[in-house]
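Asks: Got a structure here, written out as structure tokens. Questions coming.
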Amino acid sequence: IPISLSSFFANFKNLFINKIQSELSEDKENYCVIGYSCRSLFHTTMKYFKKNDITIVTTPIHHTSFRNIIEKYIKPENIHIIEMNDNYNEIKSLPSINKCDLLVVSHLFGQDLKFNKSLLNEFKRKHNCLFLEDRVQGGSIKDKFSSDLFDLSYYSCGMDKRPVALGGGFMFIRKSCFLSEKINKFIIQEINSYNEETIWERFIFLI
């Protein structure tokens, strides 16, 4: 486990005192939803947008689970790929399409993607779409979003991640987003409909 023994026990204690939840809940600009994993939160988000004709624009590289979730809910002909530079760390251009509901990007290699902000801003204004970002491998968490253009961001708390909570994940939903309340309510209702994991089950899982 790539953390110190003291960090391990400090994070283990979070299971019982719910420290992470209380710290994140103080955010006045964003909703924060804690889930079983970042991919389960992304899956639930896509479930909210479950429509046969939904169209997305996305970066070409994602974690396998994110890719599979996208392909589960979106028809192949409605998936449009963003053109990247050779190092896959900068957006070169966006597809020229008539309709877009979601723009989804995954940041890679421990840094946030570089992009022309005016280009993305114009695209967002034209299509009135939501911007989602997977920041599991992105920049510092002190910036909850890589840019004020993004509406939803996803984080992992696995043993090899920062921040680490020995598992789980969370997401931020910008309250100024026009669908923020509906998305937040839907995801929380979905999570509450599942069987609750007891502290004992969690303890056994970690052991």
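The values are calculated or read from the model by the stated rules, or taken from the named source; none is laboratory data. Note that the structure is a prediction, hence the values are computed from the model and not measured. Here Cβ is always computed from backbone atoms with ideal geometry, including for glycine, and neighbour counts include all displayed protein chains. Just so you know, the surface numbers come from the protein's heavy atoms only, side chains and all, with ligands and any DNA or RNA stripped out. Shrake-Rupley method; radii C 1.70, N 1.55, O 1.52, S 1.80 Å.
Asks: Cβ-Cβ distance below 6 Å, separation of 6 or more or different chains: which pairs start in region 84-104 with a residue that is open to solvent by 20 Å² or more (accessible area, probe 1.4 Å) and end on one that is of a type in the set (S, T, N, Q) and assigned to a loop (DSSP other than H, G, I, E, B)?
Replies: That search, which allows pairs on different chains as well, returns Lys92/Asn85; Lys99/Thr55; Asp101/Thr55.
Asks: Across region 15-31, which residue is nearest to Leu103 (Cα to Cα) among those that are surrounded by 14 or more Cβ atoms within 10 Å (Cβ to Cβ) and at pLDDT below 90?
Replies: Here the residue is Leu24.
Asks: Within region 138-159, can you find the residues that are among the polar types (S, T, N, Q) and either without any contact (Cβ under 8 Å) to a residue 60 or more places away in the chain or not in a strand (DSSP E or B) (or both)?
Replies: Narrowing region 138-159 to residues among the polar types (S, T, N, Q): 140, 146-147, 153, 156.
Of everything in region 138-159, those that are among the polar types (S, T, N, Q) and either without any contact (Cβ under 8 Å) to a residue 60 or more places away in the chain or not in a strand (DSSP E or B) (or both) turn out to be Ser140, Ser146, Ser147, Ser153.
Asks: From the list Phe109, Phe131, which residue is more than 23 Å from Lys47 (Cα to Cα) and not small (Gly, Ala, Ser)?
Replies: Answer to the check: Phe109.
Asks: Right, something else. Are any residues in region 32-56 in a loop (DSSP other than H, G, I, E, B) and either open to solvent by less than 80 Å² (accessible area, probe 1.4 Å) or touching a Ser or Thr at 6+ places or on another chain (Cβ under 7 Å) (or both), and if so, which ones?
Replies: Listed by number, the residues that qualify are Ser37, Phe49, Ile54, Thr55.
Asks: Cβ contacts < 7 Å: first residue assigned to a helix (DSSP H, G or I), restricted to region 121-137; second residue crowded, with 18+ Cβ neighbours inside 10 Å, any location; separation 6+ or different chain. Result?
Replies: Correct list of pairs: Phe123/Leu94; Lys124/Phe131; His127/Cys100.
Asks: Restricting to region 164-207, what's the tally of residues that are within 25 Å of Glu133 (Cα to Cα), surrounded by 14 or more Cβ atoms within 10 Å (Cβ to Cβ) and not aromatic (Phe, Trp, Tyr)?
Replies: Result for region 164-207: 19.
Asks: Among the residues of region 68-112, write down those that are more than 14 Å from Thr55 (Cβ to Cβ) and either part of a strand (DSSP E or B) or in contact with a Ser or Thr (Cβ under 7 Å, 6 or more places away or on another chain) (or both).
Replies: If the condition is that a residue be more than 14 Å from Thr55 (Cβ to Cβ) and either part of a strand (DSSP E or B) or in contact with a Ser or Thr (Cβ under 7 Å, 6 or more places away or on another chain) (or both), then Glu83, Met84, Glu90, Ile91, Lys92, Ser93, Val105, Ser106, His107, Leu108, Gln111, Asp112 are the ones that fit.
Asks: Next up: Answer yes if at least one residue in region 163-172 is out of contact with any Cys (no Cβ under 8 Å at 6 or more places or on another chain) and either over 15 Å from Met46 (Cα atoms) or part of a loop (DSSP other than H, G, I, E, B) (or both), and no otherwise.
Replies: No: region 163-172 contains no residue that is out of contact with any Cys (no Cβ under 8 Å at 6 or more places or on another chain) and either over 15 Å from Met46 (Cα atoms) or part of a loop (DSSP other than H, G, I, E, B) (or both).
Per-residue answers, yes or no, for (1) modelled with pLDDT of 95 or more; (2) more than 18 Å from Asp151 (Cα to Cα):
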site	(1), (2)
Ile69	yes, yes
His80	yes, yes
Glu83	yes, yes
Tyr88	no, yes
Asp101	yes, no
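Asks: Identify all residues within region 62-72 that are open to solvent by less than 80 Å² (accessible area, probe 1.4 Å) and over 15 Å from Leu103 (Cβ atoms); write none if there are none. Write out each step before concluding.
Replies: Let us first name the residues in region 62-72 that are open to solvent by less than 80 Å² (accessible area, probe 1.4 Å), namely 62, 64-66, 68-70.
Once the filter is applied, which keeps residues that are open to solvent by less than 80 Å² (accessible area, probe 1.4 Å) and over 15 Å from Leu103 (Cβ atoms), region 62-72 yields Thr64, Ser65, Asn68, Ile69.
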